[in-house]
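Every number here is computed from the coordinates shown, using simple stated rules; none is lab data. Predicted, not measured: the structure shown is a model, and the values here were computed from it. Cβ: placed from backbone, ideal geometry, glycine included. Neighbour counts: every protein chain shown.
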Ligand SMILES: [Zn+2]
C-alpha cells in the first residue's frame, strides 16, 4: 500500500510551496478512510488537518508533501517513482513523501484494526521554505479553535543514522549572517587589500568552537554558505566582498548573545546583518521520549538514539501546541541527486509507525 501511495505522491511536482495536487490527493484518501479532512489555504500554501475522532486522546502524525527542486544531473525521472535494486528513486522519496507514505499506510492499518485513540494528521506544502503560511498558521488556527493534540510524531527526514533508529527530540536555533567588507578599489600590484583581511576574519569565525555541546544539545556549528566578490578582472581589488554564514546553535546561546559575539569579531569596515530563525528547544517530555524509545527498540530490536541533530522543521511550530518528536528517514539522503529510499526502510518505518500507534 505504501508504495502505491508514494507513487502517487512522487508524481505530483510539488516543488515548495506548491502542493501540485498532493494535498488534494491526501485529502481524498483520508476522506475515503473515514477521516474528517479539511484543507486550509494560506497564501499560496495548501495545508491539511484530518481527524479520525473516536476518543478524547488525540495522536497526531505530521509531515510535508513539498520538495526541493530536482537540480543536478538525474539518472532517473524525479517525478516517476522508479524501483531499481531495492531502492525507490524520485524527488521526495526520502524527504519526505516516502516516510509519509509509510505513516499513511500505518494509519490505515490502525483505523481498521480496533483503534483506541483518535488519530489526526497535519500536512503542509511549505516545509522546505517554512514561511508563515504553513504549519505555523495551521497550528495557530487549530489552537484558536480549541483543538487538542496529546502527542505528535513528525514524520521527517531527520535520522542521524538508519531509518527509524533516531528520535529527534528537539531543534537547535538558527541565525543567518550577512557580512560585507568595504575597502578601496585598487591595483592589485599596489594595494591595501581589504579582502585578504576579510578572509582572515571569516577564518577566525568559523575555526573557533562556539561550545562543546550542552546536556541536552549537540555542539553549535557555524558555516560559510557563500563568499562573493563579483570580480572577473585579475588586476583589480574590488570595493566590497560579501559572505553569508549560518549558525545552528544550542541552549548555550540566544540570538542576542550570538549576534554580540559575532559583532565583537568584526573590524569597522565589515558591515553586518542578521536574520533570526528558530530558537533551541526540546519538544518532548522525558516520559514521552522514553516511551517511544522503548516501543521502537522492542519493534526493530536495535538501539535507538535520541538527539537534536539536523536542521529546523515544522516541530518548531508544533511544539507550541503539543509534545512532538521527529522519526523518519536518514537526513544524509535528503535533497540529493537521484534521491531514494530503500524498500526495506519503507517497511521498517511502516512497522515502527504502526507499533507507535498501537502502543502509545
Ligand atoms: Zn527537505
Residue that is farthest from the ligand (Cβ to nearest atom), among those in region 111-127 that are within 21 Å of residue 57 (Cβ to Cβ) and part of a loop (DSSP other than H, G, I, E, B)
114
Evaluate region 158-176: report whether one residue or more is within 30 Å of residue 198 (Cβ to Cβ), in contact with a helix residue (DSSP H, G or I) (Cβ under 8 Å, 6 or more places away or on another chain) and touching a residue at least 40 places away in the same chain (Cβ under 8 Å).
yes
When the residues of region 235-253 are filtered to those that are more than 34 Å from the chain's Cα centre (by Cα) and more than 15 Å from residue 179 (Cα to Cα), which remaining residue is surrounded by the fewest Cβ atoms within 10 Å (Cβ to Cβ)?
235
Elements of type helices (runs of 4 or more DSSP H) contained in region 250-360, each with 3 or more residues being away from the ligand (no atom under 16 Å from the Cβ)
255-263, 286-300, 343-359
Name the residues in region 157-171 that are crowded, with 23+ Cβ neighbours inside 10 Å, within 16 Å of the ligand (Cβ to nearest atom) and not in a strand (DSSP E or B), would you?
163
Spot the failing condition for residue 18; the list is (1) more than 16 Å from the ligand (Cβ to nearest atom); (2) out of contact with any helix residue (DSSP H, G or I) (no Cβ under 7 Å at 6 or more places or on another chain), and only one is missed.
(1)
